[in-house]
Structure formats: structure tokens, C-alpha cells
């Protein structure tokens with residue numbers, strides 16, 4: 001892999017050689033990512049990155065994102081003549097405009113700040129705060145990010161008989177109707193379903209008693225984790241009519257997806273903590289593994305470290321001889337992060353698709369974990385099971401922003417492994433942490449590279465060999 005070390009001198013300003021001051025194309029209000037700055041100047045991303053790190057190109061950080069002011073970009077004159085040949089072929093685009101989202105630059109920088117603040121705060125809160133405090137923080141952060149006057153986080157309880165207002169922001173009730181504790185409404189699975197994220201004319205997931213004050217136009221996003229509806233997050237402007245752009249709806253949907261995954265991970269951990277000591281050493285080990293995994297995600301550790309930790313814990317605690325996480329790393333390639341006999345294997349990339357792995361089509365279609373046994377496997381699936389000396393495989397889909405990005409696969413020598421409910425919950429929690437880490441990685445890349453968060457047109461599970 002090229003490190004582009006040869007263009008390291010390209011950031012030296014040509015002004016030092018007596019060149020005239022660079023022309024001004026951008027306003028002081030505009031901000032650019034490092035990739036956009038590279039395109040504007042016709043140099044490599046690495047040149048811009050080195051200039052930022054050395055202080056030659058002023059910048060500011062918004063969370064984990066680096067933004068460069070328009071005037072600072074105009075004033076910076078990298079010496080392109082000293083760059084390697086392939087970078088000298090690039091043509092500067094000095095009048096390039098920011099392209100991450102179709103917003104004015106100030107709004108765009110503010111959007112990046114909101115995203116960073118929301119994600120980092122809910123990660124930390126999920127780790128250290130009680131569930132009610134975490135839910136109220138989610139509602140508050142969502143209101144700020146979406147600029148709503150009020151927000152409610154409605155969570156379906158574990159028995160799936162009630163839907164509870166676990167957290168809220170703003171005023172939802174008249175003083176006489178304010179509930180003494182958490183608002184609890186009957187859950188109706190017929191009328192309360194996972195509707196598309198959008199702006200609606202009424203609150204479909206709320207019964208009429210007690211009715212909210214000033215009902216009207218409302219944004220509604222379903223909270224879905226591991227293929228299961230776990231609640232809703234709603235927001236409005238105190239009943240006043242409003243509309244949102246497709247970008248704003250997508251932002252709300254993606255935030256809701258992350259809230260759902262984090263909420264489920266938190267609830268799983270809380271349940272494990274309540275059972276700790278009641279179920280012996282296994283319960284304690286599961287709780288410890290989930291706690292360490294949640295801490296790694298909250299600290300913002302790199303994706304590979306999070307995936308590796310999840311793979312080790314899942315294979316060890318499910319008494320598996322082989323397993324790990326497999327990601328779709330390209331249109332026709334997968335990358336495996338696996339563990340065998342308690343030892344991490346080297347990362348390996350091979351030509352294939354997720355759909356070719358045992359049980360993935362069933363897991364993707366159902367959006368649920370699937371145990372692929374030898375008796376139910378196809379011939380190609382049996383070949384892959386035999387390759388690892390296995391008779392069955394537990395396959396857990398990893399869905400990131402509406403796209404299946406990978407799977408967690410735990411192999412067994414037995415055709416019918418005796419998996420407990422606690423072991424399945426452990427895998428659900430570990431895989432949820434992997435999804436959060438992958439989602440944050442994709443979000444940062446989308447902001448930095450100026451790409452949308454929409455799923456790719458060609459999904460990895462739609463066509464198997």
C-alpha cells in the first residue's frame with residue numbers, strides 16, 4: 001500500500017519563493033473537510049493531513065471531525081510541483097464548494113457538531129447512568145439535534161404488554177394530566193408497528209388517555225434493534241405544522257437506529273447485572289464481558305479492536321472452537337476477524353460475499369440470529385462448515401444504517417449445540433456493540449469524505465453464488 005511519503009514537501013508554501021499572494025475564492029464562513037481541501041488544491045489527502053498536523057494549515061475540530069476555514073484554505077499554497085507524478089496530474093478546483101450535505105457551511109459545521117455531541121454523550125451515558133437518566137438524555141439530545149420543541153422516547157417493555165415514556169423533553173401534558181410516574185400505555189402490536197421514519201399528522205403509537213397537549217404534526221421514528229421493534233422516538237413543534245427535508249429525515253432515522261441499538265445493549269446489560277450472582281459463574285462472566293465490551297465502544301476504540309474483543313468473548317463463552325466477525329469489505333470480497341481455539345487468527349480478505357456464508361440468507365431475511373445446522377444446510381454451506389470442522393453455525397446479522405455490513409459467526413462441532421437464553425443474549429449484546437462501532441466509523445467517514453449514509457444500491461446478501 002502506498003504511503004504517499006514522496007509528496008511530504010508539497011505543503012511548503014510557494015509564497016516563500018516570492019510568489020504572489022493566493023487569490024481568495026472562499027468566504028470566512030465556509031468550512032471544508034480535509035478531503036475537500038485536497039480536491040480544491042489538487043493535492044493528496046495526506047498532504048492536507050500533514051499540513052494540519054504541523055500547523056501550516058489552520059483548522060478546528062468538531063468532535064472527531066477536522067474542518068478548515070475557507071480563508072485559511074485560500075491562504076495555503078502547497079507546492080504541487082514537488083509532489084509525485086500521479087498527484088501532479090490532479091487539477092486544482094479552487095472554487096470548489098463544501099459538498100457533505102446540501103446546507104450552508106455554517107449549518108453544515110453545526111450538523112457535524114451535533115452528530116458528534118449526540119453520539120459521544122449517549123455512549124458515555126449508556127455506560128454510567130441509570131436507564132431513566134439515559135433515556136432523558138437521549139430525548140434531550142435528539143431535540144437539540146433535530147431542533148424540536150419537545151421529544152418523547154417511548155419504549156416497549158420486556159413483556160411487550162406496555163409502552164412506556166421512558167424519557168422526554170419539553171411539555172407533553174397539561175398540569176392536571178401530568179402522570180405521577182412514568183407514563184404507561186397499553187401496547188397494541190396491531191396498531192403499533194414499525195412505520196417508516198417520516199412526519200405524520202398524528203401520533204400513531206399513542207393512545208388517547210392521557211392525551212398530549214397541542215397534538216398535531218409529529219416526526220416519528222421506529223426504534224428497531226436486532227429486527228425487533230423496541231419503541232419509538234417522536235418530536236414536534238408543540239403541534240404546529242412543519243416539514244423536514246430528506247436529509248433531516250435521514251438524520252433522524254439514523255439517530256433513532258443508534259438509540260435503539262444502544263438502548264437494547266443497555267437493557268441487556270442491566271438484566272445481566274440483576275441476574276449476577278443468581279445464576280452462578282456463567283452469569284458473572286457474561287456480565288463482565290458485556291460490561292467490558294460496552295466500555296470499549298464508549299471509549300471510541302477502533303472497530304477492529306471492538307470486533308476482536310467481541311469475537312474472543314463470544315467463542316469462549318459459547319464453548320466454540322472457531323468463530324468471529326466477517327465484514328463485506330468490497331463488492332466481491334469479505335474480511336474475516338476470527339478466533340480459533342482461543343487464539344486470534346490473522347485478518348484475512350478473500351473473494352466472496354456474505355450471502356455465501358452458512359445461514360446468512362436466513363439471518364438477513366429474518367433480521368434475527370439463525371442456527372444453521374448440518375441437516376438444514378445447503379451443499380455449499382456444508383462445504384464451508386466442513387472447512388472449519390463444524391456441524392452447525394450460529395449466524396447473527398450486523399445491520400448498519402439499513403445495510404447488512406457483516407455477520408458474527410460462532411461455529412460448533414455439534415449439530416445441535418445446547419445454547420442457553422443467556423448465551424443468546426450475550427451474542428445479541430456483543431453484536432450490538434459491533435454495530436455501534438461500525439456505525440460510528442461509517443458516520444465519521446461519511447462526514448469526512450462527503451458521502452451519503454444511504455445504503456448502497458447493491459446489498460451484499462441479495463445474490464449468492
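For region 385-406: of the residues being within 24 Å of residue 341 (Cα to Cα) and surrounded by fewer than 21 Cβ atoms within 10 Å (Cβ to Cβ), which is modelled with the highest pLDDT? Before you say what the answer is, go through the steps one by one.
Taking region 385-406 first, the residues within 24 Å of residue 341 (Cα to Cα) are 385-398, 406.
If we keep only those that are surrounded by fewer than 21 Cβ atoms within 10 Å (Cβ to Cβ) too, we end up with 386-389, 391.
Working: 386: 88, 387: 84, 388: 85, 389: 88, 391: 93.
Among them, the one singled out is 391.
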Matching residues in region 298-323 (assigned to a helix (DSSP H, G or I), modelled with pLDDT of 75 or more and crowded, with 16+ Cβ neighbours inside 10 Å) number 12
Filter pass, residue 166 being surrounded by 16 or more Cβ atoms within 10 Å (Cβ to Cβ), in contact with a helix residue (DSSP H, G or I) (Cβ under 8 Å, 6 or more places away or on another chain) and modelled with pLDDT under 75:
no
Is it the case that some residue within region 400-412 is on the phi < 0 side of the Ramachandran plot and free of Cβ contacts under 8 Å to residues at least 40 places away in the same chain?
no
Among the residues of region 417-431, is there at least one that is modelled with pLDDT of 90 or more and either outside any strand (DSSP E or B) or closer than 23 Å to residue 338 by Cα (or both)?
yes
**OP:** Please verify whether region 367-380 includes one or more residues that are touching a helix residue (DSSP H, G or I) at 6+ places or on another chain (Cβ under 7 Å), over 27 Å from residue 297 (Cβ atoms), buried (at least 18 other Cβ atoms within 10 Å of the Cβ) and touching a residue at least 12 places away in the same chain (Cβ under 8 Å).
**Re:** yes
Subset of region 178-193, residues assigned to a strand (DSSP E or B) and either surrounded by 11 or more Cβ atoms within 10 Å (Cβ to Cβ) or not assigned by TED's automatic domain parsing to the domain that holds residue 155 (or both), comes to 184, 185
Picking from 241, 196, the residue that is in contact with a helix residue (DSSP H, G or I) (Cβ under 9 Å, 6 or more places away or on another chain), modelled with pLDDT of 80 or more and either surrounded by fewer than 16 Cβ atoms within 10 Å (Cβ to Cβ) or over 22 Å from residue 162 (Cβ atoms) (or both) would be 196
Among residues of region 278-296 being under 11 Å from residue 429 (Cβ atoms) and at pLDDT below 75, the residue nearest to the chain's Cα centre (by Cα) is 294
Of (1) surrounded by fewer than 16 Cβ atoms within 10 Å (Cβ to Cβ); (2) at pLDDT 85 or above, residue 175 fails just (2)
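Pull up region 205-223, narrow it to residues that are touching a strand residue (DSSP E or B) at 6+ places or on another chain (Cβ under 7 Å) and at pLDDT below 85, then point me to the one that is farthest from residue 156 (Cα to Cα). Before the answer, list the steps.
Initially, region 205-223 is screened for residues touching a strand residue (DSSP E or B) at 6+ places or on another chain (Cβ under 7 Å), giving 205-207, 216-223.
Subsequent filtering for residues that are at pLDDT below 85 retains 205-207.
Numbers: 205: 11, 206: 12, 207: 14 Å.
Residue satisfying both the conditions and the ranking: 207.
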Checked region 432-465 for anything surrounded by 22 or more Cβ atoms within 10 Å (Cβ to Cβ) and at pLDDT below 55; matches are 460
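In region 147-177, what residues are free of Cβ contacts under 8 Å to residues at least 40 places away in the same chain and in a strand (DSSP E or B)? Can you show your working first?
To start, the set of residues in region 147-177 that are free of Cβ contacts under 8 Å to residues at least 40 places away in the same chain comprises 147, 157, 159-162, 164-165, 167-169, 174-177.
162, 164, 165, 167, 168, 169, listed by residue number.
Residues are listed down the side, and each one gets a yes or a no for (1) touching a strand residue (DSSP E or B) at 6+ places or on another chain (Cβ under 8 Å); (2) in a helix (DSSP H, G or I); (3) modelled with pLDDT of 70 or more; (4) crowded, with 19+ Cβ neighbours inside 10 Å:
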residue	(1), (2), (3), (4)
1	no, no, no, no
7	no, yes, no, yes
16	no, yes, no, no
25	no, no, no, no
43	no, no, yes, yes
46	no, yes, yes, yes
57	yes, no, yes, yes
67	yes, no, yes, yes
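The values are calculated or read from the model by the stated rules, or taken from the named source; none is laboratory data. Bear in mind the structure is a predicted one, so any value in this text is a computation, not a measurement. A quick note on method: Cβ atoms are made from the backbone with ideal geometry, for glycine too, and the neighbour counts reach across all protein chains shown.
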